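To start, the structure itself, in structure tokens.
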Amino acid sequence: MRKFTKPLVGIIVPIYLEQETIEKTIRAIEKNVRTSHFVYLIYDDVNDPTVKVVKKISNNYPRIKLVKNRFNRGAVNALKTGFVVAKEELLVPVMGDLCDDTRDIDKMVSLIHSGYDLVCASRYSYGGKRVNGPIIKGVLSFFACQSLYYLIGFPT
């Protein structure tokens, strides 16, 4: 079994125009994640209204860190920034629109502590489901994952 020097999880959240859902997302993380953690909110543009909301509520959530995207714009680059910036040994991406179930994070950490090298939550695996978020985003995500599997044999 692998031993960790830090018991912290870095939760990486790309944000863009999530001003309506970001506080609900942060509250869900704080309510559901018992493992000690930090939340990295990665933004592209300081003028994004989400940044204003985060700054306004940040005193209520001492474990959140607002971080400017170091690469080009977009969710993938925001995730890359999070992977560079976060210093925790375990990193978990969570989308800002709360389409991921934050209750799974502690379960994933438990699996890592039991010996798994990699744990990946999937809404497309048996028992998985998609919650919240725009329908079109869900459809595109589903087809992207199916394409990866059937075209190059990469299961997601």
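The values are calculated or read from the model by the stated rules, or taken from the named source; none is laboratory data. Bear in mind the structure is a predicted one, so any value in this text is a computation, not a measurement. Counting neighbours? That spans all protein chains shown, and the Cβs are built from the backbone with ideal geometry, glycine included.
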* To do: Kindly indicate whether D48 is under 17 Å from the mean Cα position of the chain (by Cα) and not basic (K, R).
  => no
* Restricting attention to the range 96-125, and to residues there that are touching a residue at least 40 places away in the same chain (Cβ under 8 Å) and of a type in the set (A, V, I, L, M, F, W, C), which single residue is surrounded by the most Cβ atoms within 10 Å (Cβ to Cβ)? -> I105
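In the list G74, G82, which residue meets the criterion of being modelled with pLDDT of 95 or more and within 26 Å of K129 (Cα to Cα)?
Working: G74 fails: modelled with pLDDT of 95 or more.
One residue alone meets the criteria, G82.
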* **Of all residues in the range 106-137 being among the hydrophobic types (A, V, I, L, M, F, W, C) and touching a Cys at 6+ places or on another chain (Cβ under 9 Å), the one that is modelled with the lowest pLDDT** => V131
* **Number of the exception - L151 against (1) surrounded by 15 or more Cβ atoms within 10 Å (Cβ to Cβ); (2) aliphatic (A, V, I, L, M); (3) more than 20 Å from I12 (Cβ to Cβ)** => (1)
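Has the range 29-38 got at least one residue that is out of contact with any Lys or Arg (no Cβ under 7 Å at 6 or more places or on another chain), closer than 28 Å to K129 by Cα and of a type in the set (D, E)? Before the answer, list the steps.
First, pick out the residues of the range 29-38 that are out of contact with any Lys or Arg (no Cβ under 7 Å at 6 or more places or on another chain): 29-31, 33-36.
Subsequent filtering for residues that are closer than 28 Å to K129 by Cα retains 29-31, 33-36.
Add one more test, that the residue is of a type in the set (D, E), and what stays is 30.
Scanning the range 29-38, I find at least one residue that is out of contact with any Lys or Arg (no Cβ under 7 Å at 6 or more places or on another chain), closer than 28 Å to K129 by Cα and of a type in the set (D, E), so the answer is yes.
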* Structure fact -> Flagged in the range 3-49 as in contact with a Gly (Cβ under 7 Å, 6 or more places away or on another chain) and over 28 Å from G115 (Cβ atoms), in numbering order, are P14, I15, E18, T21, I22, T25, I42
